[in-house]
Amino acid sequence: SGGPGCFRASSMEQLELVAIGLTAIAIILLLIRRQRAAYSKHVDQLQPTKKKYSKKVKEFNIYTKEEVAKHNKHDDAWIIVQDARSKVWKVYDITDYIDEHPGGDSILKNVGRDATEGFYGPQHPETVFVMVEEYLIGKLAEGEAQ
């Protein structure tokens with residue numbers, strides 16, 4: 001029954017439609033799960049484990065490249081990054097963050113010097129720009145720009 005153009009699915013077609021619908025739902029749920037996992041990883045970067053971080057107050061100072069260059073080891077690591085907006089050369093003490101870095105020891109590549117290129121690389125999520133401010137200890141002295 002039904003007029004011209006009316007579609008009536010057989011039992012087999014109905015089962016195929018249900019299977020397609022369930023498959024689509026499963027794919028959507030998988031994508032949501034992956035997105036949540038990626039989001040959680042970024043949030044974890046903003047909330048590093050408390051056991052490794054001291055609550056010491058860091059003073060904001062002005063440094064020379066020579067001073068920053070002395071801090072070039074795993075247990076004493078500073079980097080220089082030029083702020084993309086203000087163009088100010090900032091100095092960060094990232095020593096307490098090294099073991100938390102998702103990219104492993106790649107963070108050590110530029111310790112003690114300019115790390116701007118790597119810092120703004122495509123591997124870093126937007127959250128890195130917020131997280132790094134916790135490690136800001138100063139800026140480069142006038143005339144010390146790279």
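The values are calculated or read from the model by the stated rules, or taken from the named source; none is laboratory data. None of these values were measured; they are calculated from a predicted model. Side chains included, ligands, DNA and RNA excluded: accessible areas come from the protein's heavy atoms. Shrake-Rupley method; radii C 1.70, N 1.55, O 1.52, S 1.80 Å.
Near residue 139, which aspartates and glutamates are there with a Cα under 14 Å away, not counting those fewer than 8 places off in the same chain?
59, 66, 67, 83, 93, 114
Non-local amide H neighbours of residue 114 (under 5 Å, H modeled in plane, Pro and chain starts lacking H): which ones?
Hits under the 5 Å cutoff: 80.
Under 5 Å between amide hydrogens, which residues at least 5 positions from residue 77 or on another chain qualify, with H placed 1.01 Å from N in the peptide plane?
It is 94, 95, by chain and number.
Using a 1.4 angstrom probe with every protein chain in place, what is the largest-first accessible-area order of 88, 132, 18?
18, 88, 132
Write down the accessible area per residue of region 65-106 in Å², having rolled a 1.4 Å probe over the full set of protein chains. Write down the numbers at each step before the final one.
Working: 2300 Å² over 42 residues.
Per residue, region 65-106 has 55 Å² of solvent-accessible surface.
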